[in-house]
Amino acid sequence: MNTRRSTRETLLSGLPVTERRRTCAGVPTAVLEGGAGTPLVLLHGPGEFAASWLPVLPRLARHHRLVVPDLPGHGASGGGPLAAERVLDWLDELVGAACPAPPVLVGKTIGGAIAARYAAQNRRELAALVLVDTLGLAAFEPAPRFGLALHRFLGDPTPRTYERLMEFCAFDLDRVRANIGRRWDAYAAYAVELAADPQVQAALGGLIGQFAAAPIPAEELARIGAPTALVWGRHDLVTPLAVAEAASAAHGWPLHVAEDAGDDPALDQPGAFVDALRSAVGTVVVP
């Protein structure tokens, strides 16, 4: 067994999900599935993997059927850089195959940009759309110190450069380590292993270029038919809270702010994130 696979199995051990393999739009896709209830599709961020959601999976699995894929070219999924339309085809086939009812579609950062573009096409009925610190609502212009840490990590993926990057992603990295607990070593090691893979870096760059290099046009966002809400970390250094406030005002989307959180509230504040998600879905789903 290769090192990456072994690390991944350690990371997933004991979670209330089972890893399945699906082929969507020709892309071999690793998907974590589990729980029962309204389907909840969770899309992670660039360079990440499905288990990036691990701090919230146990609570969410109590009330939802979870469908949590590795994005194309990420984690254990195949597919190098793909055209935007094929990425949307991939998501459409995944939703059709894995969701027995209209799902709540949740995307963070690049996953949010993909989810927003998908929802704007109104291909399938969605119970709700929740955008978490999403890219694509403004030009991709992270704070310089964050951009430098990201550049150093991708240029030289090591435990040290990863920790430095996470100090800017997380509001309180020590608390994040405590939230993840015994899985932290595997979590960090897996992230470093993936970042060292040229195919993963190419897929990451492709998604940023296709979905986040320029803002999604306002007229496209206006075509979103699903009830939509925003969940945002107050201290996001990539896409500041002001971007979410502007989008909320422009489109009438409820905004739920996670205090003491950076660009990944589910990692920083898992309890507050689940509460915000529940509140967001409650405000947008018609009984």
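Give just the number: which of (1) over 24 Å from Pro103 (Cβ atoms); (2) open to solvent by less than 60 Å² (accessible area, probe 1.4 Å); (3) part of a helix (DSSP H, G or I) does Ala249 not satisfy?
That leaves (2) as the condition not met.
Output the number of residues of region 252-278 satisfying the condition of being farther than 22 Å from Pro142 by Cβ and in a loop (DSSP other than H, G, I, E, B).
Residues that pass the stated criteria total 3.
Can you tell me which of Leu237, Leu207 is in contact with a helix residue (DSSP H, G or I) (Cβ under 8 Å, 6 or more places away or on another chain), open to solvent by less than 60 Å² (accessible area, probe 1.4 Å) and not in a helix (DSSP H, G or I)?
Leu237
Quick grid of which residues meet (1) assigned to a helix (DSSP H, G or I); (2) without any contact (Cβ under 8 Å) to a residue 24 or more places away in the chain:
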position	(1), (2)
Arg160	yes, yes
Val192	yes, no
Ala213	no, no
Ala226	no, no
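Is it the case that region 43-57 has a residue that's over 15 Å from the mean Cα position of the chain (by Cα) and of a type outside the set (Ser, Thr, Tyr)?
Taking every residue of region 43-57 in turn, none turns out to be over 15 Å from the mean Cα position of the chain (by Cα) and of a type outside the set (Ser, Thr, Tyr).
For region 147-163, what are the residues that are open to solvent by 60 Å² or more (accessible area, probe 1.4 Å) and more than 21 Å from Ile208 (Cα to Cα)?
Matches in region 147-163: Pro159, Arg160, Glu163.
What single numbered condition from (1) closer than 25 Å to Arg124 by Cβ; (2) of a type outside the set (A, V, I, L, M, F, W, C); (3) modelled with pLDDT of 95 or more fails to hold for Ser279?
(3)
How many residues does region 164-181 contain that are open to solvent by 40 Å² or more (accessible area, probe 1.4 Å) and out of contact with any strand residue (DSSP E or B) (no Cβ under 9 Å at 6 or more places or on another chain)?
Final tally of qualifying residues: 8.
Tell me yes or no: at least one residue of region 138-147 is assigned to a loop (DSSP other than H, G, I, E, B), among the aliphatic types (A, V, I, L, M) and over 15 Å from His235 (Cβ atoms). Spell out the reasoning first.
Our first condition is that a residue be assigned to a loop (DSSP other than H, G, I, E, B); within region 138-147, this holds for 138-143.
Add one more test, that the residue is among the aliphatic types (A, V, I, L, M), and what stays is 138-139, 143.
Restricting the remaining residues to those that are over 15 Å from His235 (Cβ atoms) gives 138-139.
There is at least one residue in region 138-147 that is assigned to a loop (DSSP other than H, G, I, E, B), among the aliphatic types (A, V, I, L, M) and over 15 Å from His235 (Cβ atoms).
Yes or no: Ala244 outside any helix (DSSP H, G or I) and in contact with a strand residue (DSSP E or B) (Cβ under 6 Å, 6 or more places away or on another chain)?
Against the criterion (outside any helix (DSSP H, G or I) and in contact with a strand residue (DSSP E or B) (Cβ under 6 Å, 6 or more places away or on another chain)), Ala244 does not qualify.
Can you find, within region 215-224, the residue that is surrounded by the most Cβ atoms within 10 Å (Cβ to Cβ) among those that are charged (D, E, K, R) and in contact (Cβ under 8 Å) with a residue 60 or more places away in the chain?
Glu220
Could you grab me the full set of residues in region 182-203 that are open to solvent by less than 60 Å² (accessible area, probe 1.4 Å) and out of contact with any helix residue (DSSP H, G or I) (no Cβ under 8 Å at 6 or more places or on another chain)?
Scanning region 182-203 gives Asp197, Ala202, Ala203.
The values are calculated or read from the model by the stated rules, or taken from the named source; none is laboratory data. Please read all numbers here as calculations on a predicted model, not as lab measurements. Positions of Cβ are backbone-derived with ideal geometry, glycine not excepted, and every protein chain shown enters the neighbour counts. In case anyone asks, the SASA skips ligands and DNA or RNA and just uses the protein heavy atoms, side chains included. Shrake-Rupley method; radii C 1.70, N 1.55, O 1.52, S 1.80 Å.
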